[in-house]
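Heads up: the structure comes next, in structure tokens.
Computed from the coordinates by the stated procedures, all read-outs in this text should not be read as laboratory data. None of the values given here were measured: they were computed from a predicted structure. Positions of Cβ are backbone-derived with ideal geometry, glycine not excepted, and every protein chain shown enters the neighbour counts.
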Amino acid sequence: MAIRVIRYTDDGATHWGVVNGPDVTALSDDYPTTGALLESGRADIDDARRRAPSHSLPEVDVQSPITVPCRVMCQGANYRQHAIESGMDPDNRAFNLFFDKTDASVTGPYDPVERPRHVRLLDHEIELALVIGAPIDRPVTITDADLPRYVAAVTIGNDLSARDVQLPQGQYLKGKSYRGFCPLGPELVLLEEDDYPLLDDLDLELRVNGELRQTDNTSNVVYRPAESLTELSTFSNLSPGDVVLTGTPHGTAAKSPPALVRRLATALLPEHVMWKAFIRRNVSGPFLRPGDTVTASIRTPDGALDLGTQRTPIVAATAPEGVPA
């Protein structure tokens, strides 16, 4: 059975602990990074599972289970219906789409996220996050049987995106990396051997103010984890504690017009005019606004593997006037 671990603060100090129902048992040693925990903390974790709880879960302040610095690698349009929604044919994909986010975007599972002053089209993207457990510093071929060697844990990610930066400017990195744009957690779910097949049957669900926006199952991905990590290894190093976000389901706020419409718009309009029209058409859509609360959960249909629930309040930027938010 998977082991649920959290990183939390209590009395001003940061700790790791094992979750058991409503309780937490603190680990005995300190681990400054997620990588250090994964590489040398297993005996401590097993010992904590046998000891009495040290805290009640509601009493502690849960932090991101992924420490920085770290790499945050991402896949785009990796769910069949979302690929269709994005104007792609999932049965004729020529390539696996990769990009990254800076680790400045990493934040905790319950922390408020500021919408930058200049952003009007703030979008949500629930994603299953793979947590790397072994160094990858050369091209490797990874199979499903090898996955336990390289993926130590999973958690919930939300690839928040400023569409009015990402799309008109063609800048995925910038549009997806503002501070707070990658809530992670609440739990670092350490996988046992029997848990890995369950990665192909996880339900993802995202709600905004209680309204269902995104839902799908990992059985519907185009590129599965072992295949994606194999390709990632050809151009990126990965270290213990790094994360790979494996794509988001359909239901994001941004909608791509049909391919014919896009081609006509590109041919007939200057690019800056086309994108102004895109923003104007979308600004009244269901994008995130200050006052909204995003909840995101991932679990198997029977609850055998449950990653918990994120709750992310969206708030107005607090930077003073004249300072870019």
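As an exercise, identify the trypsin sites (Lys or Arg not before Pro) in region 36-91 lying in DSSP coil whose Cβ has no more than 16 other Cβ atoms within 10 Å.
51
If each residue's Cβ is checked for other Cβ atoms within 10 Å, how do 98, 235 rank with the fewest at the top?
Working: 98 18, 235 8.
So the ranking, lowest neighbour count to highest, is 235, 98.
For the chain, please report how many Lys pairs fall under 18 Å Cα to Cα, leaving out neighbours fewer than 8 apart on the same chain. Intermediate values should be presented prior to the final figure.
Working: 101/174; 101/176; 176/255; 255/276.
Counting lysine pairs in the chain gives 4.
By count of other Cβ within 10 Å, fewest leading, how are 3, 132 ordered?
Numbers: 3 20, 132 25.
The fewest-first ordering by Cβ neighbours comes to 3, 132.
Report the rotationally averaged projected area of region 1-148 based on its alpha-carbon convex hull, in square nanometres. Let's see the in-between values first.
On the way: hull surface 50.6 nm².
Spelled out: convex hull of the Cα atoms, projected over all directions, averaged, 12.7 nm².
Please report the spacing between the Cα centers of region 216-250 and region 120-185 in Å, no decimals.
Cα centres, region 216-250 to region 120-185: 8 Å.
Stokes-Einstein at 20 °C, 1.002 mPa s, Kirkwood radius from Cα pairs: D for region 3-63 in µm² s⁻¹? Please report the intermediate quantities before stating the final value.
Details: Rh = 11.4 Å.
The diffusion coefficient I find is 188 µm²/s.
Round to the nearest 10 and give me the degree value, 0 to 90, for the angle of helix 259-268's Cα axis relative to the longest principal axis of the chain.
The answer is roughly 50 degrees.
What does the helix-only formula give at 222 nm for the chain: each DSSP H stretch with n ≥ 4 adding -39500 (n - 2.57), the total divided by the residues, and the result rounded to the nearest 500 deg cm²/dmol? Intermediate results must be reported in sequence, preceding the final value.
On the way: 9 runs with 67 residues, N = 325.
Here the helix-only value at 222 nm equals -5500 deg cm²/dmol.
What residues qualify as long-range amide H neighbours of residue 202, i.e. H under 5 Å apart, gap of 5 or more or another chain, H built at 1.01 Å from N?
Result for residue 202 returns 218, 219.
Please list the equivalent ellipsoid semi-axes of the chain, computed as the square roots of five times the alpha-carbon gyration tensor eigenvalues, in descending order and whole angstrom.
Working: eigenvalues 225, 109, 60 Å².
So the equivalent ellipsoid measures 34, 23, 17 Å along its semi-axes.
List, largest first, the extents of the alpha carbons of region 104-185 along their principal axes, each in whole Å.
Result for region 104-185: principal-axis Cα extents of 46, 29, 18 Å.
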